Amino acid sequence: MTNLPPRIFLLSPARLDGKRAHLLFHPVTMFPVARALHSPAGASIGEIFTFLSGLYFRGKLAYAEAFARPPQGLHSGVFVITPNRGLMAPSVSLTLDDLANLAKTDIDHCAEEFRKPLNRDAKTLAHALGSEGQPVLLGSIATPKYVDVLLSAFPQELLFPGEFVGRGDMSRGGLMLRSLDARRELAYVPIRGAIRRGARPPKLPPRSTRS
């Protein structure tokens, strides 16, 4: 059996300033995620961001959890980029106050509140991965807001799915869920030197409804 190198996934964050975020901060009815978030125990960041981003984050999280190969000693192979708390495993719980604190910071590589903890955690993961490990970003590379920080923190080649280029958020989410259905990983390419904006690819075929 071939020993495959360790692989971790870094998931781009959800927006905390949109209409769906407002539903979490000021829910009209206490649907499950809002109820958990408003409780002392809080809700997991995976649940929260899935609610905020819908299909896109759900696709990223399910795909990453299926294909991650964390190195020995690392508690997770999936990490979520946050506005001011660096990289967090999707199982970490946040309270309403925690989420409000995250919403105070813009996701911008020029903002120290965002850049410093992300750089710190990325360097820690880079050390845990070892020289043969593979960090994979599941997110847009069209802007430098988190890409530049990650590129500077990881000595390993930072990768992303090449099929993401030209696709919008919903299309990326659908692509990952289809790949998961087929148990087929996407092809990863280095971000450094990649074409960051491209022509829109053909529309995805309907997803199979097979269980």
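Over the chain, with every protein chain in place, what whole percent of the accessible area is carbon and sulfur at 1.4 Å, could you tell me?
Exposed carbon and sulfur together represent 53 percent of the surface.
Using amide H atoms built 1.01 Å from N in the peptide plane, name the residues 5+ places from V92, or on other chains, whose amide H lies under 5 Å from its own.
Correct list: I45, G46.
Which whole number of Å³ per residue matches the convex hull of the alpha-carbon atoms in the chain?
It comes to 144 Å³ per residue, whole-number rounded.
What ranking of R172, R15, R192, R69 comes out by heavy-atom accessible area, probe 1.4 Å, highest first?
Heavy-atom accessible area, descending, gives R15, R192, R69, R172.
Of all DSSP beta bridges in segment 1-158, what percent run antiparallel (nearest 5)?
Details: 5 of 13 bridges.
DSSP beta bridges in segment 1-158 are roughly 40 percent antiparallel.
Output ³J(HN,Hα) for segment 57-64: one whole-Hz value per residue in order, computed from phi by the Karplus curve 6.51 cos²θ - 1.76 cosθ + 1.60 with θ = phi - 60°, and x for Gly and Pro.
6, 4, x, 4, 5, 5, 5, 5
Roughly how many Å² of T105 are accessible to a 1.4 Å probe, to the nearest 10?
That residue has around 20 Å² of solvent-accessible surface.
Under the √(5λ) rule applied to the eigenvalues of the Cα gyration tensor, what semi-axes describe the equivalent ellipsoid of segment 6-123? Give them in Å, descending.
Those come to 23, 17, 12 Å.
How far, in nm, would the chain grow between L4 and A128 when pulled straight, counting 0.36 nm per residue and subtracting the alpha carbon separation?
Extra length available between L4 and A128 comes to 43.1 nm.
Using 0.36 nm times the number of residues separating T143 and N101, minus their current alpha carbon distance, what extension gain do you get?
Answer, rounded to one decimal: 12.7 nm.
For the chain, what's the relative contact order in percent, using C-alpha pairs closer than 8 Å and at least 6 residues apart?
Here the relative contact order equals 23 percent.
Only helical DSSP H runs with n ≥ 4 go in: add -39500 (n - 2.57) per run for the chain, normalise by residue count and round the 222 nm mean residue ellipticity to 500 deg cm²/dmol.
So the calculated ellipticity at 222 nm is -11000 deg cm²/dmol.
Give me the 1.4 Å probe accessible area per residue for the chain, excluding ligands and nucleic acids, in Å². Mind showing how you got there, number by number?
On the way: 10990 Å² over 211 residues.
Accessible area per residue, the chain: 52 Å².
In nm, to one decimal, how far is the modelled label at S39 from the one at K19, with both set 7 Å along Cα→Cβ?
For the pair S39/K19, the computed spacing is 2.9 nm.
Filter the GluC sites (Glu not before Pro) in segment 90-168 down to the DSSP loop ones having no more than 15 other Cβ atoms within 10 Å, then list what survives.
Values: sites: E112, E113, E132, E157, E163; in loops: E132, E157.
Sites meeting the loop and neighbour criteria: E132, E157.
Compute the separation of the alpha-carbon centres of segment 1-64 and segment 142-188 and state it in Å as a whole number.
17
Using a 7 Å offset from the Cα along the Cα-to-Cβ direction at both A187 and M30, what is the distance between the two label points in nm, to one decimal?
Inter-label distance under the simple model: 5.1 nm.
Can you compute the FRET efficiency between Q72 and E113 using 1/(1 + (r/R0)^6), with r the Cβ-Cβ distance and R0 = 35 Å? Round to the nearest 0.05. Don't skip to the end; give the middle numbers.
On the way: r = 32 Å, r/R0 = 0.93.
Using R0 = 35 Å, I get an efficiency of 0.60.
The values are calculated or read from the model by the stated rules, or taken from the named source; none is laboratory data. Just so we're clear, the structure is a prediction, and the values are computed from it rather than from any experiment. Reconstructed Cβ throughout: ideal geometry from the backbone, glycine too, with neighbour counts over all protein chains shown. Only protein heavy atoms, including side chains, enter the accessible area calculation; ligands, DNA and RNA are left aside. Shrake-Rupley method; radii C 1.70, N 1.55, O 1.52, S 1.80 Å.
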